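Just dropping this structure here.
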Amino acid sequence: MNIKRWLALGVFVCAFPLLTGCWDRLEIEDRGAILGLAIDPIEGEAQEGITGPDARSDLSGYKLTAQVAIPGRIPLGPAGQGGGGGGEEQRPVWVVSTIGKTVDDAMNNLQQELADKLFLGHLRIIIVNQKLAQVTGIHDIQDFFRRNAEIRRLAWMAISVGDASGTLSAAPKLERVPTLYLTGTFDHAVAMGKMPNVFLGNFWSTLSSKGQDPVLPFIQVEGDKVELKGLAVFHQDRMVGSLDSLETAAFMEITNQRRAGYGVAVPIPGDPKHSIIIKAYKRKAKIKMDMENGKPTFDVYSLIEANVEEKTGRKSVDDVIRQLGDDTAKNLATGQEKLIQKLQGLHCDVFGFGEYLRGRNPDYWKDIVGESREKWDEQFAKTPVHVHVKVYIRRSGMSTH
């Protein structure tokens, strides 16, 4: 009997600590939930923050703009549905700015201006000023977020043309929360095959690799209009160039991004005054590596399935549909070759050829490249890359002309 009592007491003592799971709870109304952050360089010296006078970075300081959610005002539908009328009192978010010597210093200064504890678990997007990304790089910026356990790896980081803080002050008509509109823009672009899925975790993973450079979304905001301009190209953690929409399509073709959403115009054979637009809807790519004279060469084979999107003029194209596919393939191959030449000139291997080489021939990588990333950058600029494109036109629509 005594043994049973002691066993029951032991079970109670062991289970009792498990019943205190909510002792450190914090109500959502007491959190300062940040939905979006914009980071800009500042002119002149930043004032001393609460982290002390020894806070230093490559810049004089950072301007941090945060979009803070107001509890109870985040809408459940698009703009114009629910939530009552507009006006400043009905805004679902509050945009507040502060400065600091470093990103963490600016975050601490921001906390001084808010009554609630800052919470980054709902952070959806980080916008970085293009000038900052080009001049000093984003190492010091991303270091803070990479060390913070609250940051979601599925959040987005993007580069803005001009002032980054303006992106969080935009008021798009389709969404009352600018951050949700921006993230929706990226998510839909990925779903439609217009942009690779380069979310924050993907960027960090590529940045840590030894044979590939990362890319990020490149945007421009004018008033309430948000335009996705393409991709920002990085050499390690510094922005060195950008890709427009057509170059982004070529990048996705080479890197085996299956979803396709871009179209290309091709002249109609025998009718130079008119053209036909071929739009891809699915693609597949394969990279083959060979060693020639002790050095690597790459062949990229792209298979693209497309539809006829539009045709001008009255001439029927049914009898030249195969030739149109071949002409489209030549057009796309030219675009891929120009893109590869451009990135070789920048010494930026955003395609991951270096990672492919390191995985297929680790002995060569260890003996020739080693741990020096600069050696592969120099070799990539001189590495032969041959492209082979095949286009199949599957559907031409209901028209026979």
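The values are calculated or read from the model by the stated rules, or taken from the named source; none is laboratory data. Computed from a predicted model, the values in this text were never measured in an experiment. Quick reminder, even Gly has a Cβ in these numbers, built from the backbone with ideal geometry, and neighbours come from all protein chains shown.
Kindly provide the set of residues from the range 193-218 that are touching a helix residue (DSSP H, G or I) at 6+ places or on another chain (Cβ under 7 Å) and in a strand (DSSP E or B), ordered by number.
Hits for the range 193-218 are L216, P217.
Okay, next question. List every residue pair whose Cβ atoms lie under 7 Å apart, where the two residues are 6 or more positions apart in sequence or sit on different chains, the first residue falls within the range 266-284 and is outside the structural domain of G193 (by TED's automatic domain parsing), and the second residue, located anywhere, is of a type in the set (F, W, Y).
A280/Y262
What are the residues in the range 120-150 that are of a type in the set (V, I, T) and surrounded by fewer than 18 Cβ atoms within 10 Å (Cβ to Cβ), if any? Explain how you work it out, then say what you get.
Within the range 120-150, the first condition is being of a type in the set (V, I, T), and the residues that meet it are 125-128, 135-136, 138, 141.
Of everything in the range 120-150, those that are of a type in the set (V, I, T) and surrounded by fewer than 18 Cβ atoms within 10 Å (Cβ to Cβ) turn out to be V135, T136.
Let me ask you something else. Can you pull out the residues in the range 297-312 that are part of a strand (DSSP E or B), of a type in the set (S, T, Y) and more than 30 Å from Y364 (Cα to Cα)? First the steps, then the outcome.
Step one: list which residues in the range 297-312 are part of a strand (DSSP E or B), which gives 297-311.
Restricting the remaining residues to those that are of a type in the set (S, T, Y) gives 297, 301-302.
Result: no residue meets the conditions.
Report the residue count in the range 248-279 for those that are assigned to a helix (DSSP H, G or I) and over 17 Å from Y301 (Cα atoms). Lay out the reasoning, then the answer.
The initial filter retains those residues of the range 248-279 that are assigned to a helix (DSSP H, G or I), namely 248-254.
Applying the additional criterion that residues be over 17 Å from Y301 (Cα atoms) yields 248.
So the count comes out to 1.
Check M289 against each of (1) assigned by TED's automatic domain parsing to the domain that holds A158; (2) in contact with a Pro (Cβ under 9 Å, 6 or more places away or on another chain); (3) assigned to a strand (DSSP E or B) and name the one condition it does not meet.
Among (1) assigned by TED's automatic domain parsing to the domain that holds A158; (2) in contact with a Pro (Cβ under 9 Å, 6 or more places away or on another chain); (3) assigned to a strand (DSSP E or B), M289 violates only (1).
Using beta carbons and a limit of 7 Å, which pairs, at least six apart or on different chains, have the first residue in the range 372-401 and under 25 Å from T312 (Cβ atoms) and the second one among the polar types (S, T, N, Q) and at pLDDT below 85?
T400/S316; H401/S316
Which of the residues spanning the range 344-364 are touching a residue at least 60 places away in the same chain (Cβ under 8 Å) and part of a helix (DSSP H, G or I)?
Going residue by residue through the range 344-364, those that are touching a residue at least 60 places away in the same chain (Cβ under 8 Å) are 346-358, 360-361, 364.
Passing the criteria: L346, F353, G354, E355, Y356, L357, R358, R360, Y364.
Same structure, new question: Identify, from the list V233, V240, the residue that is touching a Ser or Thr at 6+ places or on another chain (Cβ under 8 Å), part of a strand (DSSP E or B), hydrophobic (A, V, I, L, M, F, W, C) and under 25 Å from G335 (Cα atoms). Talk me through it step by step, then tell me what you get.
On the way: V240 fails: touching a Ser or Thr at 6+ places or on another chain (Cβ under 8 Å).
Going through V233, V240 in turn, just one is touching a Ser or Thr at 6+ places or on another chain (Cβ under 8 Å), part of a strand (DSSP E or B), hydrophobic (A, V, I, L, M, F, W, C) and under 25 Å from G335 (Cα atoms): V233.
Hey, another quick one. What is the one condition in (1) in contact (Cβ under 8 Å) with a residue 40 or more places away in the chain; (2) part of a loop (DSSP other than H, G, I, E, B); (3) charged (D, E, K, R) that R146 does not satisfy?
(2) is the only condition that R146 fails.
On to the next question. For the range 270-285: of the residues being of a type in the set (K, R) and touching a Lys or Arg at 6+ places or on another chain (Cβ under 7 Å), which is surrounded by the most Cβ atoms within 10 Å (Cβ to Cβ)?
Of the range 270-285, the ones of a type in the set (K, R) are 273, 279, 282-284.
Checking the rest, the ones that are also touching a Lys or Arg at 6+ places or on another chain (Cβ under 7 Å) come to 282-284.
Values: K282: 14, R283: 24, K284: 15.
Per the criteria, the residue is R283.
Taking only pairs six or more apart or across chains, which ones have beta-carbon atoms under 6 Å, a first residue in the range 234-253 that is farther than 20 Å from V387 by Cβ, and a second residue that is of a type in the set (F, W, Y)?
That search, which allows pairs on different chains as well, returns S242/F218.
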